[in-house]
Amino acid sequence: MQEKEKFMKIALKEAQKAYEKMEIPVGAIIVKDGKIIARAHNQKETKFDTTKHAEILAIQKASKKLNSWRLIDCEMYVTLEPCSMCAGAIINSRIKKVYIGANDEKTGAIGSVLNLFDDYKFNHKPEYEKGIMKEECEIILKQFFKELRKLKSEDK
């Protein structure tokens, strides 16, 4: 198993934590020098805060750990393509590279709907790689929304 898959599996464990809280199952971890320095999952529903995406929470934890907002030489592994808010935070925090599991055809801001990393002239341009454990990352999302639809139909 490659290092990319090893770290994405850990991000998937974070996504599972979100799933168990009935949050959209997205997980993110931040790695520096081969070591995980932050891990997080979506908490938008439980915290009643639209900014509590896995990526934002992981960036906050990593910044606290490193005592800096600059996450230079850090890599992020995230199970779902970041939205524009998260892509902007990744750019601003100077993360070196992002490994992405599943595409997000509705709100993805690293190629699916727009591409903040490639199409605009920001002061920092993160590298990225898509499709890391794509099927596994898609399965947990599909299962979650299937279960959510079932629960909503039972409520009627």
- [ ] Give me the pairs, please: first residue somewhere in segment 132-156 and on the phi > 0 side of the Ramachandran plot, second residue anywhere and outside any helix (DSSP H, G or I), beta-carbon distance under 9 Å, and either six or more positions apart or on two chains.
- [x] MET133/THR79; MET133/GLY101; MET133/ALA102
TODO: Assess whether VAL113 counts as being more than 15 Å from the chain's Cα centre (by Cα), farther than 25 Å from LYS21 by Cα and either of a type in the set (Val, Ile, Thr) or not in a loop (DSSP other than H, G, I, E, B) (or both).
DONE: yes
Task: Enumeration of residues in segment 47-80 that are under 23 Å from ILE132 (Cβ atoms), in contact with a Lys or Arg (Cβ under 7 Å, 6 or more places away or on another chain) and either open to solvent by 40 Å² or more (accessible area, probe 1.4 Å) or not hydrophobic (A, V, I, L, M, F, W, C) (or both) - done: HIS53, ILE72, ASP73, GLU75
TODO: Identify, from the list LEU57, LEU71, the residue that is of a type outside the set (Phe, Trp, Tyr), touching a Ser or Thr at 6+ places or on another chain (Cβ under 6 Å) and at pLDDT 95 or above.
DONE: LEU71
Open item on the list: Which numbered condition in (1) more than 19 Å from GLU14 (Cα to Cα); (2) touching a Pro at 6+ places or on another chain (Cβ under 9 Å) is the only one that LEU141 fails?
Closed with: (1)
Open item on the list: Yes or no: segment 113-130 includes at least one residue that is in contact (Cβ under 8 Å) with a residue 60 or more places away in the chain and either under 19 Å from GLU14 (Cβ atoms) or open to solvent by 40 Å² or more (accessible area, probe 1.4 Å) (or both).
Closed with: yes
Task: The one condition in (1) in contact with a strand residue (DSSP E or B) (Cβ under 6 Å, 6 or more places away or on another chain); (2) open to solvent by 70 Å² or more (accessible area, probe 1.4 Å) that LYS44 fails to fulfil - done: (1)
Task: Conditions (1) of a type in the set (D, E, K, R); (2) farther than 17 Å from ILE140 by Cα; (3) open to solvent by less than 60 Å² (accessible area, probe 1.4 Å): number failed by GLU23 - done: (2)
TODO: State whether one or more residues within segment 31-40 are open to solvent by 30 Å² or more (accessible area, probe 1.4 Å) and closer than 22 Å to ILE140 by Cα.
DONE: yes
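The values are calculated or read from the model by the stated rules, or taken from the named source; none is laboratory data. Since the model is a prediction, treat every value here as computed from it, not as a measurement. Cβ: placed from backbone, ideal geometry, glycine included. Neighbour counts: every protein chain shown. In case anyone asks, the SASA skips ligands and DNA or RNA and just uses the protein heavy atoms, side chains included. Shrake-Rupley method; radii C 1.70, N 1.55, O 1.52, S 1.80 Å.
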